[in-house]
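Below is one structure, written out as structure tokens; comments come after it.
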Amino acid sequence: LVVPLLVWALAYSKRGTKTQLLARLPGHWGKRFAEIRDALLDFRHAKAALLLALPHSLGIHLCVIAAFGVLGQALDITQLRWFHYTTLVPLGMLTVALPVAPAGIGVTHLAFYTLFSLVGSQRGADLFSIYLVCQLLAALPGLFFYLMLSPYRASNRSAVS
């Protein structure tokens, strides 16, 4: 969905006519797609920045795939090869972006279960759950620093001084 939308946004420069077509979509979807298209159109003139971001994005995706592979080995999922992870994990992670449930929870579990069952493993949802826990644990130190630097805490410090 993202790649065709990106190609479409980069191919057409007339915002007015395309926005009128998008406005006919039901509910708030037309406005939402128009905002996304306009944001993508703004990147047309930043091709160098996009090219510089591409290796970083690829590196992050490879790290996520590797994390799933390592967690799969820890769960003793032996029937999957690295090819399976490099194919299935990006497809499963796309469901996180679907605005069906908060953070794709439940929807993504079902997607991972279904995708991994296609290659003989019934542990796809378990794998995604453990990945979420690891992601949460990795983010906890950031919460500590956020709380230490929060505006509420800063205003109390200046009032005490």
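The values are calculated or read from the model by the stated rules, or taken from the named source; none is laboratory data. In this text, all values refer to a predicted model and were calculated from it rather than measured experimentally. We place every Cβ from the backbone using ideal geometry, glycine too, and count neighbours over all the protein chains shown. All accessible areas refer to the heavy atoms of the entire protein, side chains included, with ligands and DNA or RNA removed. Shrake-Rupley method; radii C 1.70, N 1.55, O 1.52, S 1.80 Å.
Descriptive notes on the structure:
- Checked against the criteria, A11 does not count as surrounded by fewer than 10 Cβ atoms within 10 Å (Cβ to Cβ), more than 22 Å from the chain's Cα centre (by Cα) and at pLDDT 75 or above.
- R32 open to solvent by 60 Å² or more (accessible area, probe 1.4 Å) and more than 15 Å from the chain's Cα centre (by Cα): yes
- Residue in the range 102-111 that is open to solvent by 60 Å² or more (accessible area, probe 1.4 Å), modelled with pLDDT under 95, among the β-branched types (V, I, T) and closer than 15 Å to S129 by Cα present: yes
- If you go through the range 79-89 and keep only what is open to solvent by less than 90 Å² (accessible area, probe 1.4 Å) and in a loop (DSSP other than H, G, I, E, B), you end up with Q79, L80.
- Only one of G92, G120, G72 that is open to solvent by 40 Å² or more (accessible area, probe 1.4 Å), in contact (Cβ under 8 Å) with a residue 24 or more places away in the chain and not aliphatic (A, V, I, L, M): G120
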